[in-house]
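Read through the structure below, which is laid out as structure tokens, and then see the notes.
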Amino acid sequence: MKSAVLVFPGINRERDMARTLKLISGAEPAMVWHTDTQLPAGTDLVVIPGGFSYGDYLRCGAIAARSPIMDAVRKFAAGGGLVLGVCNGFQILCEAELLPGVLMRNENLRFICREVFLRVERSDTPFTRGYNAGQVIRVPVAHGEGNYIADGETIARLEGEGRVIFRYCSPDGMIDPNWNHNGAINAIAGIVSDKGNVLGMMPHPENHVEASVSPTDGRGLFAGLAEALERAA
Amino acid sequence: MKARVTVTLKSGILDPQGKAIEGALRSLGVEGVTAVRQGKVFDIELEGTDRAQAEALLKQAADKLLANTVIENYRVDVLG
């Protein structure tokens, strides 16, 4: 796995992400500054981490989505390259139009920082091959704007094409408004692009990978990715 | 030349901030408010004096950055 972690001013989860990528794949990721115009040669995974790029000015992710490195990411994604955006990374992917829809202010207007339960909807993607379909995982969220919305036609298409990959759920996997913390439509926590190679998700799987500090439910995502990329190589 | 771009949420898009402001107005005793929707205003200064050119430029600015047209509408006013 030759991963690249994008770094924008105001991003603050890039070290967590880099540490997890190294821990699981054994390979040190490249840290790529936002003004760069090219990804390192041989990059097979681009990760956009969480944080508050440009202080969330204008709209979350809006300014980062228009930075020079994003043209390279667009090209990489168009060629089928795997892109993972977490939290602010998801917001940036939506603003960059690499994923449809938008993340609005949480329905309860509060910043939510807690563990949540996610139902993994599919296991046949490079991002979720480390899980079983229907499996419930426990990972943390930390966001003020995670309330996913898109127009009705887009939501119908996402659902029809099986592009909703993670949903907020109860500990036993039920979709329930009481467990849909930010009010996202259809409890959507993560979606993939039409070609399935770009994943955006609000929760932070990179923070639940080490048994000494937390549950390890996030490992499956990175272990699955590393395995998928190893097979492709 | 001075201009103003006003960005508003499309109808049908839930506006939790507007709802909170609406509730706050009610609790302050400001009577008769039936709905609040929050938006953004950009006051912009431009080179040149051609209004049509200014409008085209501002439209480009709004489409490219100032508004997310998935959820927002915008209006361009060249104030002269």
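The values are calculated or read from the model by the stated rules, or taken from the named source; none is laboratory data. All values reported here derive from a predicted model rather than from experimental measurement. Glycine also receives a Cβ, built like all others from the backbone with ideal geometry; neighbour counts cover every protein chain displayed.
With A:L118, A:L109, A:L99, A:L103 as the choices, which residue is at positive phi and aliphatic (A, V, I, L, M)? If you could, list the steps in order and put the result at the bottom.
On the way: A:L118 fails: at positive phi; A:L99 fails: at positive phi; A:L103 fails: at positive phi.
It is A:L109.
Of all residue pairs spaced 6 or more apart or on separate chains, those with beta-carbon atoms under 6 Å, a first member in the range A:158-170 that is over 15 Å from A:F127 (Cβ atoms) and a second member that is in a strand (DSSP E or B) are A:L158/A:V164; A:L158/A:I191; A:Y168/A:V116; A:Y168/A:A189; A:C169/A:F117; A:C169/A:R119. Listed by position, the helices (runs of 4 or more DSSP H) enclosed by the range A:1-118 that each have at least 1 residues that are within 14 Å of chain B (Cβ to nearest Cβ) are A:68-78, A:88-95. Evaluated against (1) within 29 Å of B:D15 (Cα to Cα); (2) within 14 Å of chain B (Cβ to nearest Cβ), A:S170 falls short on exactly one condition, (2). Of the residues that sit in the range B:64-80 and are at pLDDT 95 or above and away from every other protein chain (no Cβ under 12 Å), which one is farthest from the chain's Cα centre (by Cα)? Step by step, filter the range B:64-80, then rank; the result is B:V78.
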